[in-house]
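Data first, discussion second: the structure below is written as structure tokens.
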Amino acid sequence: MVRKMEEKNITKIDGSVIINDDCVEALRGIENETVHLTFFDPPFNQGKDYLNFDDEQPTGEYWKWIEDVLGLINKKSTEGASIYFMQREKNTEEVLRSLRKSGWTFQNLIIWKKMTSAVPSEFRYGKQFQIIVYATKGDRPRIFNRLRANVPLPKNYKNERRNGVILTDVWDDIRELTSGYFAGDEAIRDKSGKRMHKQQAPLSLLLRIVLSSSLPGDTVLDPTAGTGVTAVVASQLKRNSLAIEIDPKYVELVKTRLYSLRKEDDIAKLRGYYSPTETLDKIWPFKKPLENFLFDKQQVIT
Ligand SMILES: C[S@@+](CC[C@H](N)C(=O)[O-])C[C@H]1O[C@@H](n2cnc3c(N)ncnc32)[C@H](O)[C@@H]1O
């Protein structure tokens, strides 16, 4: 899949390839039409401190870069491949435009509603969601596994659900890893307890994306991989993955995370949540029978 496998900046751990490079450079080295699914969570150009990336660029330059990356991903993707592009809500217009201009077809504007955090404002409503645009190469996805989940019942709801609910484009059941203490055990920390990557995405978010839009054996790309959450989920779901990250310290983190799975990164605990999905055994190959993961109805997938 990757032409430059012998180079020093490339590591292979089972089905996961990790590349320490600029994503534009690395993407050029990938064979055309080999990627089935991409999760794209780039820096948001909001002045954060990234190594080798200017996160305070003139707006036009930033979106030109995004469009270039999206165009390259499109070229490397199979017909019907999917992309999930996560961004701030205020950039929705640019996100949709850049996807369209780089050859992607819009499918859904997913609202990821945060559970415990919001950005307050004095002159408008506080912001409580991020957008994730789901788009495909061509009009129809090659794969879309329609998931059913044991979403908790609304309070005082009388009717028990026997078969879960089919997921919609509003995702309000996935807890974000907020800053500080409340991020919980999944957040990776250094010895002093400081978060190692403030933009670390939750496993349950990537679980939903990888389960919905790929099959075992497919190749899942994350061109700005950070802590490698996409690869961590993909490898447990028996997908191949390609993680590109420019900062060597995060690359080391991804490798450590993949070499030995932390208890907090084990996705098995989330399987019961999706137990009503008919095709679950096919899209989530698993050794233990489903009965071992009886779902507690009060639980949300934090
Ligand atoms: C928003 S974070 C991604 C966080 C990731 N989704 C996670 O869950 O950990 C963006 C990442 O892109 C990396 N990055 C910035 N510029 C890059 C580039 N040109 N090529 C590859 N990675 C880049 C940053 O170092 C950062 O780790």
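May I ask you to say which residue of Asn163, Asn156, Asn145 is part of a loop (DSSP other than H, G, I, E, B) and either surrounded by 18 or more Cβ atoms within 10 Å (Cβ to Cβ) or under 21 Å from the mean Cα position of the chain (by Cα) (or both)?
Working: Asn163 fails: either surrounded by 18 or more Cβ atoms within 10 Å (Cβ to Cβ) or under 21 Å from the mean Cα position of the chain (by Cα) (or both); Asn156 fails: either surrounded by 18 or more Cβ atoms within 10 Å (Cβ to Cβ) or under 21 Å from the mean Cα position of the chain (by Cα) (or both).
Unique residue meeting the criteria: Asn145.
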Val210, sole failed condition from (1) crowded, with 24+ Cβ neighbours inside 10 Å; (2) away from the ligand (no atom under 15 Å from the Cβ): (2)
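Inside segment 234-258, can you point out the residues that are closer than 27 Å to Asp49 by Cβ, part of a helix (DSSP H, G or I) and either of a type in the set (Lys, Arg) or touching a residue at least 12 places away in the same chain (Cβ under 8 Å) (or both)? Steps first, please.
Quick first cut of segment 234-258, residues closer than 27 Å to Asp49 by Cβ only: 241-258.
If we keep only those that are part of a helix (DSSP H, G or I) as well, we get 248-258.
Across segment 234-258, the qualifying residues are Pro248, Lys249, Tyr250, Val251, Leu253, Val254, Lys255, Arg257, Leu258.
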Restricted to segment 19-44, and to residues that are without any contact (Cβ under 8 Å) to a residue 60 or more places away in the chain and within 11 Å of the ligand (Cβ to nearest atom), which residue is nearest to Phe85 (Cα to Cα)? Phe44
Quick one: Val35 ticks every box in (1) surrounded by 13 or more Cβ atoms within 10 Å (Cβ to Cβ); (2) over 22 Å from the mean Cα position of the chain (by Cα) bar one, so which box is it? (2)
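Out of segment 119-139, which residues are part of a loop (DSSP other than H, G, I, E, B) and within 20 Å of Arg208 (Cβ to Cβ)?
Selection gives Gln128 alone.
Restricting the search to segment 65-84, which residues are of a type outside the set (D, E, K, R) and either in contact with a Phe, Trp or Tyr (Cβ under 7 Å, 6 or more places away or on another chain) or within 16 Å of the ligand (Cβ to nearest atom) (or both)?
Of segment 65-84, the ones of a type outside the set (D, E, K, R) are 65-66, 69-74, 77-78, 80-84.
Matches in segment 65-84: Trp65, Ile66, Val69, Leu70, Gly71, Leu72, Ile73, Asn74, Ser82, Ile83, Tyr84.
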One residue is enough: does segment 103-118 have a residue meeting the conditions surrounded by fewer than 16 Cβ atoms within 10 Å (Cβ to Cβ) and in a helix (DSSP H, G or I)? no
Residues of segment 51-64 being buried (at least 16 other Cβ atoms within 10 Å of the Cβ) and either in a strand (DSSP E or B) or away from the ligand (no atom under 15 Å from the Cβ) (or both), which ones? Phe53
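May I ask you to verify whether Lys127 is among the basic types (Lys, Arg), within 28 Å of Asp172 (Cβ to Cβ) and in contact with a Phe, Trp or Tyr (Cβ under 6 Å, 6 or more places away or on another chain)? Give the derivation first.
Numbers: among the basic types (Lys, Arg): yes; within 28 Å of Asp172 (Cβ to Cβ): yes; in contact with a Phe, Trp or Tyr (Cβ under 6 Å, 6 or more places away or on another chain): no.
Spelling it out, it is not the case that Lys127 is among the basic types (Lys, Arg), within 28 Å of Asp172 (Cβ to Cβ) and in contact with a Phe, Trp or Tyr (Cβ under 6 Å, 6 or more places away or on another chain).
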Residue pairs within 9 Å by beta carbon, gap of at least six or interchain, first lying in segment 219-231 and under 12 Å from Ala26 (Cα atoms), second polar (S, T, N, Q) and within 10 Å of the ligand (Cβ to nearest atom), listed first then second, are Leu221/Thr230; Asp222/Thr230
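Read the figures in this text as sums done on the coordinates, not as results from a lab. This structure is a prediction, so every number in the text was calculated from the model and none was measured. Neighbour counts run over all protein chains shown; Cβ positions are idealised from the backbone, glycine included.
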